[in-house]
């Protein structure tokens, strides 16, 4: 499948007259995959970092995500965007991680997780006064805290919407849920975050 | 931002989806979410561009540590169980020995009491069967013991 796709592209560009060899098709696919990694790595890492709040774990899962994607690159049919496909892999890896963590107590755990104070430290000041900036930081900290009380699905949907700016259809594609279910999870997540902001968790 | 903004009335800038699913969604909440987004992006960029530390905890190493820890725990558990088993056996043997000794003591005491009863019975039987001719002498002995 991958060979066929690469071959078609070269033929369409008119750069290759003779049939492509398997070797050049492989090279082409590798270059294509490298481009995908380069363009999507920051988003995948950001999502995993926000989900786990653990730098090392986010890096490890990001690497695993692209390793898995590389192994299955030949089976990617382009039915969804590469981003949606990669995000789906990342979500599954994250799920597996939490599931395994429950079973293996000695495994690298939440010990490395960044605390809320540190997580909310990174906030561009913009044109705010020091007081406004402090207030904004406090609010952001409350949102991170509220995230801890969300279910796995609610958190995933919330992050994809408000950090990755994804549309409902994209979120549905990444999570494998229907749009209606995504809406329901998003609504509940918003309610919980608002309750935390109002001091009623 | 790829959100679809509702700018029909021009007064408020709110994503359409949020206002549909969440009637309480207002500008203040929206601003908090924007800040949250900016925070996550800035943090991720800073983390992404930080100098990479050498990865000390490789998967293999972690697996080896897990195995070693598992083996230590298993060995500890096994030796603990063996120690407990031996301790219980020794305690049981000691208790059995003590019970046997107590039984023997009780039996000896019973035998001693039986012997004493027998001797007393024999004594009284013999004293009653004194011939009539010897009775004055027996009376004298009783008087002596009475004094």
* Partner chain Cβ atoms within 10 Å, averaged over the residues of A:159-166 - can you pull that number for me? => 5
* Asked: Taking a ≥ b ≥ c as the square roots of the eigenvalues of the Cα gyration tensor of the stretch B:67-126, is the shape rounded (a/c under 1.5), prolate (a/b larger than b/c) or oblate?
  -> prolate
* Return the distance in nm (one decimal) between the two label points of a simple spin-label model at residue B:19 and residue A:148, each offset 7 Å from Cα along Cα→Cβ. => 3.5
* Asked: Given R₀ = 56 Å, FRET efficiency for residue A:138-residue A:70 by Cβ-Cβ distance, to 0.05?
  -> 0.85
* **Virtual spin-label span in nm between residue B:137 and residue B:105, 7 Å along Cα→Cβ** => 4.6
* Structure fact -> Here the FRET efficiency for residue B:45 versus residue A:30, based on Cβ atoms and R0 = 35 Å and rounded to 0.05, is 0.80
* For labels at residue A:167 and residue B:34 in the simple 7 Å Cα→Cβ model, what's the distance in nm? -> 2.3
* Asked: When ranked by the protection proxy of mean other Cβ atoms within 10 Å per residue, highest first, what sequence do the peptides A:49-56, B:38-45 form?
  -> A:49-56, B:38-45
* **Listed peptides B:116-122, A:131-137 by packing density, highest first (mean Cβ within 10 Å)** => A:131-137, B:116-122
* Structure fact -> A chain fully extended from residue A:92 to residue A:130 at 0.36 nm per residue, minus the present Cα-Cα distance, gains in nm 9.6 nm
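Computed from the coordinates by the stated procedures, all read-outs in this text should not be read as laboratory data. Remember, predicted model here, so these are calculated numbers, not experimental data. Backbone-built Cβ (ideal geometry, glycine too); neighbour counts: all protein chains shown.
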